[in-house]
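The values are calculated or read from the model by the stated rules, or taken from the named source; none is laboratory data. These figures come from a predicted structure and were not determined experimentally. Cβ: placed from backbone, ideal geometry, glycine included. Neighbour counts: every protein chain shown. Side chains are part of the model used for accessible areas, which takes the heavy atoms of the whole protein and leaves out ligands, DNA and RNA. Shrake-Rupley method; radii C 1.70, N 1.55, O 1.52, S 1.80 Å.
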Amino acid sequence: MTAQSWIALSDRGVLAETAPDALLERGLFVVELALPLQDPMLLLDQQYVAGWPRTFALFHDPQSGITLLHRQGTSVARHSLPGPLPQGKGTARLSFQFDAPARNWSLTFEILGADPPQKTVAHGKNPLPLPLADIAHLCSKPPIPGPVLWFGLTRGDAPPGAAPWIGLRTPVETSLGPVMAGALKPGDIVLTADCGPLPLLATRRLALPARGSFAPVLLRAPFFAQTQDLLVSADQMLALSGPESEYLFGADAVLMPAGALVDARTALSDQRRAVTGSVALDLGRPALIEANGCLLAIGHSPATQHPLRSLQSYEVLTLMTLLGRTPRRAA
């Protein structure tokens, strides 16, 4: 993730060490929605009617667009994104950025991954600060049936980025045998396929959305791992090998993002929960760790150098077609 992080996430509540009575003067509220949005509906609804009345509610109408109603006592702010909004299939992201001291706000609606990009933005003045207790209460409420996949609040001006991670129950080969990733600690010796034994420098527990654009991938056994399914982030790189990769790319083994392998059979987009616990491992350098027979690239990013070639999504599709959609684990 980037330096900024989520303050609160749906189904998880407040994540940051913030005073429960905190009043956020600026921040970014993000909602991801399953498309298409076809009917008038209430998307989110947080209301206090006793004492000091407060409302934080989100409405959608196919013609008028999206409206965010924010009330605190006698102060009422109505933020509107005029319709009709871009439609299609897939996932849309609605972002409400507010800065009370600067007296400005924006609402942005975009279809993620659309080509060409589909995005609409509205700006306005005089937003209200947001009590953290309102968002905490909204997170604790049963979701309204409908298109909302997840929502979250951050202090940044953009959502924290996705980050490669592995599930807490992923068995990682160490000098003491397989250890669940969630039980690893700094100083443990991790066995790597390319760099030999390496001491684990740090582990970082992550709480990230697990739906929409952040949906993880369930790699099915025995296609990837030997005896158990593995849960990883969509941008977690793994290694596959075989004569097909050598034929296509001149390399015995290649790296590819797990998200490019989703085919509803050997790799599934796992959206069973709104938030998932996970861990990122730091070995001090890029390396390939073994998890139940599957090789996962740790510390690999587009900015790092790695002995194995990293495939683009369209190259993965070509390779999977040649393999008949049945992948081979890297030897």
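If I model a spin label as a point 7 Å beyond the Cα along the Cα-Cβ vector, how far apart are those points for residue 252 and residue 204 in nm?
3.3 nm
Based on the alpha carbons, how large is the Rg to Rh ratio for region 36-175 when Rh follows Kirkwood?
Looking at region 36-175, the ratio lands at 1.03.
Translational D (Stokes-Einstein, µm²/s) of region 21-62 at 25 °C and 0.890 mPa s when Rh comes from the Kirkwood sum over C-alpha pairs?
191 µm²/s
Per the Cauchy relation, a quarter of the hull surface: what is the mean projected area of the convex hull of the alpha carbons in the chain, in nm²?
About 18.4 nm², averaged over all directions.
Please report the relative contact order for region 84-198, taking Cα pairs under 8 Å with a sequence separation of at least 6, and give it as a percent rounded to a whole number.
14 percent
Give the relative contact order (percent, whole number) for the chain; include only Cα pairs under 8 Å separated by 6+ residues.
So the answer I get is 17 percent.
Roughly how tilted is helix 313-322, in degrees to the nearest 10 and between 0 and 90, from the longest Cα axis of the chain?
Helix 313-322 sits at roughly 50 degrees to that axis.
Return a single number: how many Lys pairs in the chain, at a sequence separation of 8 or more or on separate chains, have alpha-carbon atoms below 30 angstrom apart.
Lysine pairs, 8 or more places apart or on different chains, close enough: 4.
Quick check on region 1-86: what does the Kirkwood estimate of hydrodynamic radius come out to from the alpha carbon pairs, in Å?
In region 1-86 this quantity evaluates to 15.1 Å.
Could you work out, for region 120-179, what percent of all Cα-Cα pairs fall into each 10 Å distance bin, beginning at 0 Å and stopping at the bin that holds the largest distance?
12, 27, 32, 15, 10, 3
As an exercise, use a Förster radius of 22 Å and the Cβ-Cβ distance of residue 89 and residue 158 to find the FRET efficiency, rounded to the nearest 0.05.
Given R0 = 22 Å and the Cβ-Cβ separation, E is 0.35.
What part of the accessible area of the chain, given as a whole %, is carbon or sulfur when the probe is 1.4 angstrom?
It is 53 percent, rounded to a whole number.
Kindly report the accessible area of the chain per residue (heavy atoms of protein chains, probe 1.4 Å, no ligands, DNA or RNA), in Å².
46 Å²
Per DSSP H run of n ≥ 4, the term is -39500 (n - 2.57); total these for the chain, divide by its residue number, and report the mean residue ellipticity at 222 nm rounded to 500 deg cm²/dmol.
Estimated from H runs of four or more residues: -2000 deg cm²/dmol.
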